[in-house]
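**Q** Take this structure first; my questions come after.
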Amino acid sequence: RANRNCPIDQHHRNQCQYCRLKKCLKVGMRREAVQRGRMPPTQPNPGQYALTNGDPLNGHCYLSGYISLLLRAEPYPTSRYGSQCMQPNNIMGIENICELAARLLFSAVEWARNIPFFPDLQITDQVALLRLTWSELFVLNAAQCSMPLHVAPLLAAAGLHASPMSADRVVAFMDHIRIFQEQVEKLKALHVDSAEYSCLKAIVLFTSDACGLSDAAHIESLQEKSQCALEEYVRSQYPNQPSRFGKLLLRLPSLRTVSSSVIEQLFFVRLVGKTPIETLIRDMLLSGSSFNWPY
């Protein structure tokens, strides 16, 4: 079960639900046909994963299963981020901000490690993809949990009180904070649901732009698969919003306007000092261990 490549035959089919479901989806079986009694207990929102009913060959049922696996990979449901995160007007303390930021970062890495196809990539490709996209995934997670972004505690978290900046640098830093705030607010304004967030994160993660990929074409195909899943989901769940899919995709390029170095300075300098986030991500992937929070 550890490598998610279990043999699925008559004698071993019940040993690993993940690999069994993955094989069923691969051959076109409808996810709804899997016996509920043999699936891990969940409490999905009715219709949250549903797509239009149709011929399994048209991809609808497969895409529905793919999205549900993306959602199940989320290690920290939004409600687990804490009540403070769900209150936009609540000004969080510095320590709470840094702790929440760490959760968002770990959540992105742990999610990636558990979604379909990513664990099957070479470890060098996994590292390359996450090192390139971690800041974009962080912004998406921040928007999804309605992370409070008040300027004063952010500046304090960045350590301005300990190492004063010049006036020009403070102005530039404030501008970067504003860009971050704008990206989060624009996503929140679209009322993106959890299935859409999962698809958007998969589209961001599976990018062939990362350097040194062993099979860029395969990774690009995974991005296309994720994009198709999002399109089918939006078409089914939001039939009265024909421009919604386009609006969601158009949010993605601007995520790169949020500087990864600024995110590090804002949220992580107090926790890890000068250690690059890219180094932490590499260590997380290579360690092979999960990240469990005590609450």
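The values are calculated or read from the model by the stated rules, or taken from the named source; none is laboratory data. Predicted model only: the values in this text are computed from it and were never measured. Ideal geometry is used to build each Cβ from the backbone, glycine not excepted, and the neighbour counts take in all protein chains shown.
**Q** Right, Arg131: of a type outside the set (S, T, N, Q), at pLDDT 90 or above and under 28 Å from Leu213 (Cα atoms) or not?
**A** Yes.
**Q** Is it the case that some residue within the stretch 211-225 is in the same structural domain as Ile179 (by TED's automatic domain parsing), closer than 21 Å to Gln144 by Cβ and surrounded by fewer than 20 Cβ atoms within 10 Å (Cβ to Cβ)?
**A** Within the stretch 211-225 (the criterion being in the same structural domain as Ile179 (by TED's automatic domain parsing), closer than 21 Å to Gln144 by Cβ and surrounded by fewer than 20 Cβ atoms within 10 Å (Cβ to Cβ)), the answer is yes, since at least one residue qualifies.
**Q** Give the residue, chosen from Lys247, Lys274, Lys225, that is charged (D, E, K, R) and over 28 Å from Asp193 (Cβ atoms).
**A** Going through Lys247, Lys274, Lys225 in turn, the sole match is Lys274.
**Q** Same structure, new question: Starting from residues that are among the β-branched types (Val, Ile, Thr) and surrounded by 15 or more Cβ atoms within 10 Å (Cβ to Cβ), keep the ones in the stretch 234-271 and report whichever is nearest to Ile203 (Cα to Cα).
**A** That would be Val234.
**Q** Answer yes if at least one residue in the stretch 102-111 is modelled with pLDDT of 90 or more, buried (at least 17 other Cβ atoms within 10 Å of the Cβ) and charged (D, E, K, R), and no otherwise.
**A** Yes, some residue in the stretch 102-111 is modelled with pLDDT of 90 or more, buried (at least 17 other Cβ atoms within 10 Å of the Cβ) and charged (D, E, K, R).
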